[in-house]
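Just so it is clear, none of the values below were taken in a lab; they were calculated from the coordinates. All values reported here derive from a predicted model rather than from experimental measurement. Note that we place each Cβ from the backbone using ideal geometry, even for glycine, and neighbour counts take in every protein chain shown.
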Amino acid sequence: MIKVLILAYDFPPYVSVGGLRPFSWYKYFREFGIDPVVITRQWSNSYGNHLDYIAPGSSSSEITEESTFGKIIRSPYHPNLSNRILLNHGEQKWRLVRKANSAFLEVTQFYLPVGPKIELYHAANRYLRSHKVDLILATGDPFVLFHYASKLSRTYKTPWLADYRDPWSHHKENTRSFFVKLWLKSLEKRIVSQAISSSTVSNFVQQKINEIIPKLSVEIIPNGYDPEAVKGVHLISPQNKVLRFAFVGTIYDWHPLELFLEQIYLFKKDNEITLEVNFYGTNKTTWITDFIRRKYPSMVGTVNTFSKMPNQELLKTLASHHVMILFNYYSYLGTKIFDYLAIKRQIILCFEQDPEAEMLRKRHFSIKETANENTQLQADVLRKTNGGIVVKDVSHLQVVLTSLRAEFLQTGNIACDSRDIDQFSRRIQAERLASQIKSIVSQSKR
């Protein structure tokens, strides 16, 4: 069996869509002849929100877990100065000190053994001193894991593969400064050009990688849904008294959240129906609550927010809703669309061509798009699978809401007739990555 060392920062029990990708490798690799050893950090999940990302680990020593799937080594995690200040004093205190400390570590971690993520490197290094592996697989971000994988590759003469969940130096947050942009592009080229191959989630990210490293082979391994986690979930029947909408995950600045909430308010004001709009595990919990109380007080109790929860529990909760809300990611497919499809609930995608949403996109979208790129990936998936409704603009949303109301009042439910969703199973994607790994290892041994 081929042995693979996986460097994955986000990993369960941390509640993160980014952690589900490497978890699926751990869960399914052995079925396809790959023995996984995962190096990750300890997650305490003591806050139930974004602070879990910087909270201390549960032990000052490594924790090793073994199961029928493989091995997990969880390194200690010690928050840096910036994070300790944030945890102890809140987000409003010592902002300049926190920013300076974080910026210093973001740069120096690529040159010196510093920063809170260095423990993953130490754990991997200790393991490799006494165990041989056939390949090192690092998934980013954080992209410093690519640096660690490259360094370990040179030390132990082992090929490594770079898995991108998002672009690195092309991300707008990383390119606001001309000099930072140059530095990151140089860093990405120097580090990733040493990888034997790469994988990523979409053609869009593949193009961005090859703009930096044209000769690097990049395999497309999309995200998906966990077939084990959704077993029986779609059989859960939502109650028929309240029409329930759900959104899960991160809300970005280019998402037309205010526009959507305004349309829900206008619809509810003009139509007699009991409905709920529930947001799960978002980064905008406080903002949503304050916005509704300030601007639409009559919607208090209609629009609700909830903390993060484990994926299995989340899927069951989502299945108790009738309609899933999806904001347009344009050149990205994102991850939540796959779970939405898997639980077989009607999806509404907002928006395809709304003028206000387009303004937000131009102002805030995180990656610079080019004219030849497909910027309606989610819409394409929904149309191919019959998994939902692509909403053009706010006037179309009112038509859709009216139609959903009529169906709900008549039947007590909202039908979903999606098809061909098995192709998005994470088990299938793990098999594809396993095939890529076998080819790499076979060629490297010749």
DSSP-defined beta bridges in the chain - what % are antiparallel, rounded to 5: 10 percent
Phi to ³J(HN,Hα) by Karplus 6.51 cos²θ - 1.76 cosθ + 1.60 over the range 386-392, Hz, x for Gly, Pro: 6, x, x, 10, 8, 8, 5
Least to most buried among Val323, Val180 (fewest other Cβ within 10 Å first): Val180, Val323
For the range 233-424, convex hull of alpha carbons as volume per residue, Å³: 120 Å³
Exposure proxy ranking, count of Cβ atoms within 10 Å, fewest first, for Cys350, Cys416: Cys416, Cys350
Positive-end residue, the chain charge dipole about Cα centroid, Cβ charges, pick of Leu120, Thr139, Thr250: Leu120
Student exercise, the range 148-270 dipole from Lys, Arg, Asp, Glu Cβ charges, in Debye to nearest 20: 440 debye
The chain: relative contact order in percent, alpha carbon pairs under 8 Å with at least 6 residues between: 15 percent
In Å, descending, principal axis extents of the Cα set of the chain: 68, 49, 45
Only Lys, Arg (+1) and Asp, Glu (-1) charged, at Cβ; the chain dipole about Cα centre in debye: 1300 debye
Set of aspartates and glutamates with alpha-carbon distance to Lys284 below 16 Å, sequence-local pairs under 8 removed: Asp52, Glu91, Asp253, Glu258
Nearest 10 degrees, 0 to 90: helix 178-192 Cα axis against the chain principal axis: 60 degrees
For the chain, with +1 on Lys and Arg beta carbons and -1 on Asp and Glu, the positive-most of Ile389, Asn101, Pro12 along the dipole: Asn101
Span per principal axis, largest first, for the Cα atoms of the range 1-67 (Å): 39, 26, 17
Beta bridges per DSSP with both ends in the range 233-424, % antiparallel, nearest 5: 0 percent
Share of alpha-carbon pairs per 5 Å distance bin for the range 319-446, given as whole %: 2, 9, 16, 18, 16, 13, 10, 7, 4, 3, 2, 1, 0, 0
The chain: calculated mean residue ellipticity at 222 nm from DSSP helix runs of at least 4, using -39500 (n - 2.57): -12500 deg cm²/dmol
0 to 90° range, to nearest 10: angle between helix 355-364 axis and the chain longest Cα axis: 20 degrees
Placed amide H near Ile39: partners under 5 Å, 5+ positions off or other chain: Ile6, Leu7, Ala8, Ile73
Degrees separating the helix 118-130 axis from the principal Cα axis of the chain, which is the longest one: 50 degrees
Sorted by Cβ density within 10 Å, fewest first, the residues Asp134, Asp339: Asp134, Asp339
